[in-house]
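S.K.: Please find one structure pasted underneath; my questions will follow.
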Amino acid sequence: MTASAVSRRRFNKSVGALTIAFSMAPLAGTAEPMTLPGSLAKNRRLNAWLRIDADGTITIFTGKVELGQGILTALRQIAADELDVTPAKIVMVSGDTAQTPDEGFTSGSRSIEHGGAAIRHACVEARAILLALAAEKLGVTPDKLTVVDGAVTSGDKRLSYWEISVEAQLHRHTRVGAAPKPSDRHRLIGKSMPRLDIPAKVTGGASYVQDIRLPGMLFGRILRPPSYHAALVAFDEAQVRKLPGVVTVVRDGRFLGVVAEREEQAIVARQGLARAASWRDASSPPAFQDIYARLRSLPVDDHVVSRKGGDTPPSVVTSSHSATYTRPYTAHASIGPSCAVARFENGRLTVWTHSQGVFPLRNDLAKALDMDVTKVRCIHAQGSGCYGHNGADDVALDAALLARACNGRPVKVQWMRDDEFGWEPNGPAMIVELHAELGEAGEIVDWSHDVWSSSHTTRPQADGCNLLAAWHLERPKSPGTPEIIPQPAGGGDRNAIPLYDLPRHRVTHHFIRQSPIRVSALRSLGAYANIFAIETFMDDLAKAARVDSVEYRMRHLDDERAFAAIKAAASYAGWQPGLPGGTGRGRGFGFAQYKNSAAYLAVVVEVEVHRRTGEVHVRRVTAAIDAGEIVNPDGLVNQTEGGIVQAISWTLKEQVRFAADRVTSRDWSDYPIIAFPEIPEINVTILDRPGEKSLGAGEAAQGPTAAAIGNAIAHATGVRLRDLPITPDRIKGVFG
């Protein structure tokens, strides 16, 4: 299997299709105001989303990409249901700057909400066009037609989509008003279906970008500086060129790379690069132990992101409570190191990449290489481990720089493990301070939330060039300005605005523009730390009010869907108020609506804590999730289970260590993650709501699970720990 062969077949099919040629450009003279769902607002061409093919299939184009979340399977279900064809007739093409609509990044749990809504609307409209044309040809009204797997019938008269597709006018802008099927007519939406991406993964097939093999392909490796600001003072290139299999050595400023005929030769040659290079180090950053004091000392931009209740203080306050929480820098720790394949041919660059945003990456590659963006093509290929902004974009530029020196031969570059840990963008460290005042009945009458955080997005963007190697070139490019992600999504302040119905609150984001180490998006962004803080604080307030923690939450909510999720999780877990604590066994509760607008998730975690060793064993997790109308229940369960497992790992184990202008966590011994024997029993209940808007769910579990673990540990030990991760050393430190 070669990625180029697959790509050419797809491209050639588009040339031979029975619809008018594909175009991404907007039509002139169509500036009327529109309200279109999801990603359609920026990609209004109907034929940008689907094509009726001559071979009896329908191709669906999506800018959303498969990251292991099963999204292509779910999007295919949506398209097949609205078009009245079997899923087998749907061909999915995703994340290709030459073929698919630009939907930005596959991030923020928005693929079903935005991409799915766009595909649904486009398919509804295309079906209406096809049926109107079929009705005209068959001499009946559209309501007299029946469609089964693309066959349109009226009595004994029959046509198919493929017979009439040449005349179907899909080369136009989508229009407002197309109504999707009511939920009671769905045949596929709401049913679990086998994932498109799983067979190759479980049989050892060619599934990932790491598996790509192209004719004449070479293999590259990169040598990074020993620290962020180290200067290259000497380099013996001839020494490296003598090594077996070496095709070329690339030096451009501080960027060093080697290309060899075979991968093992490239790995050996990288070691040769290290011997041949001399660096002058520059180091002054704070030690790891000082990081939170360091964050507080950095300049900040203060933003009040939400305020309620005015300046009048509450009339009765019986007690006040304050707490501070910290979250460390966290790595993506992708199991498969970042990888890309690039080919320069006739002045054009093609890159196969597991980037979450092929269009923004294409723009940054063009900037870094001083190329016309129209001569750069990025094609998504799955990567073995991606949930946020890891090294996928960076390695694409690495591969391009090496391929540029290889006379048209493709080059595959895979990072080594120490590259991944040492140079990927990390999830930012954060500090959260909470303060609450309680009234006579223990109710919350005032609430303040202060969060200190760096930017949670330094992805490729319009400003600057956010690719690692671009900063190391002889003529370096400047990185983009760190951005605040505005509410309602938020970045460091994501989920900082309380969902609870409080008479007064004030939420302030202390935005740190410069970070001591490289940071960007990690799954759930600031929601993980903010929900951990809010939900563990709620347990402390419930204890102060002498109210069961589940009941306490419900007293402060005015949202029936929140009630339903909380009740379901508590019921399925057999929640019992008033169980004694401090026994070494505990259970805890956590709840949130992700981004206050996406999926609701409530979770109960049961733990055992060994005081002597400080070890925490999560034994059982019970969760209830409401993500609106569910497309693929099995996919939603998988996403939720994966989020729970990752949250356990983050909460009990993961933290990036660094010193002297470099990350020092460079392998699995320095950065342990959860192992298979540590994974608990997990039970997920779906609260399906057919007919409701589908809500993003891929990142709903992280915050509530972390909080439930923290609350369970507090219940088991009688001691509240507020610094993440809750490691054995921290637990032993409490008990001496």
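S.K.: For every other residue with a beta carbon closer than 9 angstrom to the beta carbon of H380, add +1 if it is Lys or Arg and -1 if Asp or Glu, then tell me the sum. Provide the component values of the computation, followed by the final result.
M.R.: Working: positive: none; negative: E66, D96.
Counting the neighbours of H380, the net charge comes to -2.
S.K.: Moving on. Can you spot the lysines whose alpha carbon is less than 23 Å from K653's alpha carbon? Ignore those fewer than 8 places along the same chain.
M.R.: Correct list for K653: K732.
S.K.: Still on this model: Would you work out the relative contact order for segment 445-517, in percent, from Cα pairs under 8 angstrom that are 6 or more residues apart? Please list the in-between numbers first.
M.R.: Details: 110 pairs, mean separation 34.8, N = 73.
With pairs under 8 Å counted, the relative contact order is 48 percent.
S.K.: So what are the ³J(HN,Hα) numbers for segment 86-100, from phi and the Karplus equation (6.51, -1.76, 1.60; θ = phi - 60°), rounded to whole Hz, Gly and Pro as x?
M.R.: These are the phi-based 3J(HN,Hα) values: 6, x, 4, 8, 9, 9, 9, 10, 9, x, 9, 5, 8, 10, 9 Hz.
S.K.: If each residue of separation counts as 0.36 nm, what is the full-extension length gain between D149 and Q576 once their alpha-carbon separation is subtracted?
M.R.: Numbers: separation 427, 0.36 × 427 = 153.72 nm, distance 5.10 nm.
The D149-Q576 span can extend by a further 148.6 nm.
S.K.: While we're looking at this one, here's another question. Beyond 28 Å between alpha-carbons counts as too far, so tell me which of K201/K367; K64/K308; K42/K191; K375/K477; K64/K412 fall in that bin. Numbers along the way, then the final one.
M.R.: Values: K201/K367 35 Å; K64/K308 37 Å; K42/K191 30 Å; K375/K477 20 Å; K64/K412 24 Å.
Too far apart for the 28 Å limit: K201/K367; K64/K308; K42/K191.
S.K.: I would also like to ask the following. Determine the relative contact order of the chain: mean sequence separation of Cα pairs under 8 Å and six or more apart, normalised by residue count, in whole percent. Provide the component values of the computation, followed by the final result.
M.R.: On the way: 1691 pairs, mean separation 98.9, N = 736.
Reported as a whole number, the value is 13 percent.
S.K.: Here is a further query. Determine which aspartates and glutamates satisfy two conditions relative to K543: a Cα distance under 12 Å, and not lying fewer than 8 residues away in the same chain.
M.R.: E443, E551
S.K.: Compute the length gained on full extension between H171 and E345: take 0.36 nm times their separation in residues and subtract their Cα-Cα distance, giving the result in nm to one decimal. Walk me through the intermediate numbers first.
M.R.: Working: separation 174, 0.36 × 174 = 62.64 nm, distance 3.15 nm.
Extra length available between H171 and E345 comes to 59.5 nm.
S.K.: Starting from the amide H of A659, placed 1.01 Å from N in the peptide plane, find each other amide H under 5 Å away whose residue is 5 or more places distant or on another chain.
M.R.: Hits under the 5 Å cutoff: T664.
S.K.: Among the trypsin sites (Lys or Arg not before Pro) within segment 568-656, which fall in a DSSP loop and have no more than 13 other Cβ atoms within 10 Å of their own Cβ? Could the numbers behind the result be given before it?
M.R.: Details: sites: R585, R587, K595, R611, R612, R619, R620, K653; in loops: R611, R612, K653.
Of the trypsin sites (Lys or Arg not before Pro), the ones in loops of segment 568-656 whose Cβ has at most 13 other Cβ atoms within 10 Å are R612.
S.K.: Could you list S597, S338, S154, S455 in order of exposure, starting from the residue whose Cβ has the fewest other Cβ atoms within 10 Å?
M.R.: Ascending Cβ contact count within 10 Å gives the list S597, S154, S455, S338.
Values in this text are rule-based calculations from the coordinates and carry no lab data. Bear in mind that the values here come from a model prediction, so they are computed numbers and not experimental data. Quick reminder, even Gly has a Cβ in these numbers, built from the backbone with ideal geometry, and neighbours come from all protein chains shown.
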